[in-house]
Amino acid sequence: MAIGIFDSGVGGLTVYQKIADHFPNLDIHYLGDTARVPYGSRSKETVINYSLQCAGFLIENFDIDTIVVACNTASSYAIDQIKEKYGVNVIGVVEPGAKLAIQTTSNNSIGVIGTRATVRSESYVTALKNIYNEITVEQVACPLFVPIVEEMLVDTDIAKQVVKHYIDGLSATGIDTLILGCTHYPLLKETISKSYPNLKIVDSSEAIIECINKLNIDTNQNGVREIYLTDESPAFETLKNVLAGGLTSKKAILSC
């Protein structure tokens with residue numbers, strides 16, 4: 001049985017990379033819905049519809065028993081619907097990230113950065129307070145981070161200025177832990193850490209490994225790795241050598 005990973009685009013390749021590196025023999029099929037990216041500006045109903053189509057493509061075409069929703073927006077809205085429709089294991093990035101942040105913080109003050117939709121959904125706020133209601137949560141949407149990552153401008157003065165623009169005010173609230181609430185953002189982790197060395201950075205993709213281990217699924221397979229995209233993506237061509245081992249992508253057609 002294989003694992004299927006989907007994202008609204010190619011940012012979820014940060015999750016793919018973590019899983020692929022940790023489970024070298026696991027069969028992994030990745031789908032990036034590049035024809036309809038970004039999900040972060042879509043309505044809840046649209047995100048659920050797109051997410052069900054992405055999960056359906058993976059489940060119907062491959063021997064999938066676990067879906068990893070490597071998209072914070074889709075994780076905020078569509079986890080329960082995927083479980084209900086397809087009856088497979090579903091792992092999102094929100095709850096694992098929230099659990100890791102609670103374990104990481106020393107002063108119970110946590111910051112969240114993400115897309116507008118993820119911030120608007122307050123999914124991280126809910127997940128964090130479900131674990132510990134006394135936690136303090138501050139959120140900021142960072143819409144310019146995605147294009148910076150997809151143009152591989154992460155180690156430039158532009159990136160540093162934009163990071164400062166979004167995070168200065170957040171840092172000033174007294175947070176000691178910062179959740180990277182978008183799968184693109186781990187590529188900015190070093191830039192953020194250099195500017196804010198006192199912040200503890202939480203990458204949800206790292207917490208997903210523990211979730212997979214708890215499922216006790218057979219990870220000793222054939223090491224098949226496939227990347228599917230719903231449309232051509234210059235961002236994938238930019239990032240594939242960094243995050244996908246240089247794999248080429250295949251065309252995916254989703255049923256509506």
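The values are calculated or read from the model by the stated rules, or taken from the named source; none is laboratory data. As the structure is a prediction and not an experimental result, all values here were calculated from the model. Neighbour counts run over all protein chains shown; Cβ positions are idealised from the backbone, glycine included.
Worth a mention:
- Residue list for region 117-133, restricted to those being assigned to a loop (DSSP other than H, G, I, E, B) and under 12 Å from Ile102 (Cα atoms): Tyr132, Asn133
- Subset of region 155-200 (residues that are crowded, with 19+ Cβ neighbours inside 10 Å, assigned to a loop (DSSP other than H, G, I, E, B) and among the β-branched types (Val, Ile, Thr)): Ile175, Thr183
- Total residues in region 1-29, condition part of a loop (DSSP other than H, G, I, E, B) and buried (at least 18 other Cβ atoms within 10 Å of the Cβ): 8
- Those residues of region 53-79 which are more than 17 Å from the chain's Cα centre (by Cα) and part of a helix (DSSP H, G or I), in sequence order: Gln53, Gly56, Phe57, Leu58, Ile59, Glu60, Asn61
- Top-ranked residue of region 30-39 - restricted to ones that are surrounded by fewer than 24 Cβ atoms within 10 Å (Cβ to Cβ) and of a type outside the set (Val, Ile, Thr), ranked as nearest to Ser233 (Cα to Cα): Ala35
- Where Ala74 falls short, out of the listed (1) hydrophobic (A, V, I, L, M, F, W, C); (2) in contact with a Gly (Cβ under 7 Å, 6 or more places away or on another chain); (3) within 20 Å of Ser43 (Cα to Cα): (2)
- Some residue of region 102-117 being among the small types (Gly, Ala, Ser), closer than 17 Å to Asp203 by Cβ, surrounded by 24 or more Cβ atoms within 10 Å (Cβ to Cβ) and in contact with a helix residue (DSSP H, G or I) (Cβ under 8 Å, 6 or more places away or on another chain): yes
- Scanning region 210-243 for residues that are touching a helix residue (DSSP H, G or I) at 6+ places or on another chain (Cβ under 8 Å), modelled with pLDDT of 90 or more and closer than 18 Å to Leu58 by Cα returns Ile212, Arg225, Ile227, Tyr228, Leu229.
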